[in-house]
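To start, the structure under review is shown below, and the notes come after it.
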Amino acid sequence: MASGALTLDRIKAGNLQPVSEKIAPGEILCLSGPSGSGKSRLLRAVADLDPHEGSVSIAGESQQDLRGHRWRRAVMMVPADSAWWFETVGEHMPAPMTEALKQLGFDEDVSRWSIERLSSGEKQRLALVRALAYQPRALLLDEPTANLDPDATRETEQWLCQVIRERSLPTLWVAHDREQIKRVADRHLHIEGDRLVESSGDKD
């Protein structure tokens, strides 16, 4: 499927005022705000996981016109703590992701690893690889490096940004670290009260 903009038209979820934003192909829009302010709930609404008002479309194709599982595969959300339901890593991968795994520091035999042996950071990085293996048209990332040390965070950021640009994926990225936002964001919205406010000066 062709890539295109991710458009939010007066999305109302939780206590936030209706949100209208257009995220261009390959653009990273970072979202920050206090704990409990509605960041994850907004992502879940865009992913069609929570009830909401308003509409969302990807490349002009409406959320309302696709079955839920098809929409969630096209507009892929990666939560901070992803679910794992099979015994091994490889059983969760719909396609080989050898190069991505290598770039994130995993051995070739990672597909045979038991899920039980994975650390929280390994699970988080592998969840990102798994999401991209489904060839999504947009990404919704909920603090994708929250469980990583500084070196792994930088490595994962660089890999993610490269993939997002190469695949022209409109991306909504929840982050709390202002330095990370400076490194990855094309635009930054901060939740103040019940409103999203555009932040400036985040890029060096």
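The values are calculated or read from the model by the stated rules, or taken from the named source; none is laboratory data. This one's a predicted model, so the numbers in the text were calculated from it and none came from an experiment. So basically every Cβ, Gly included, is an ideal-geometry build from the backbone, and we count neighbours across all protein chains shown.
Counting only helices (runs of 4 or more DSSP H) that sit wholly inside the range 51-168, those with at least 2 residues that are modelled with pLDDT of 95 or more and polar (S, T, N, Q) are 150-167.
Based on what the data block shows, is Pro34 touching a residue at least 60 places away in the same chain (Cβ under 8 Å) and surrounded by 14 or more Cβ atoms within 10 Å (Cβ to Cβ)? Judged against the criteria, Pro34 is not a match. Contact map, the range 120-139: residues that are aliphatic (A, V, I, L, M) paired with residues that are in a helix (DSSP H, G or I) and crowded, with 22+ Cβ neighbours inside 10 Å, Cβ distance under 8 Å, separation 6+ or inter-chain. Pairs shown: Leu128/Leu160; Leu139/Ile164. Just one residue in the set Thr171, Thr153 is touching a Leu at 6+ places or on another chain (Cβ under 7 Å) and either hydroxyl-bearing (Ser, Thr, Tyr) or closer than 26 Å to Glu21 by Cβ (or both); that residue is Thr171. In the range 169-198, the residue that is surrounded by the fewest Cβ atoms within 10 Å (Cβ to Cβ) out of those that are without any contact (Cβ under 8 Å) to a residue 24 or more places away in the chain and outside any loop (DSSP other than H, G, I, E, B) is Glu198.
Does Ser55 satisfy being touching a residue at least 40 places away in the same chain (Cβ under 8 Å) and either surrounded by fewer than 17 Cβ atoms within 10 Å (Cβ to Cβ) or over 16 Å from the mean Cα position of the chain (by Cα) (or both)? Yes; evaluated as a whole, the condition is true for this residue.
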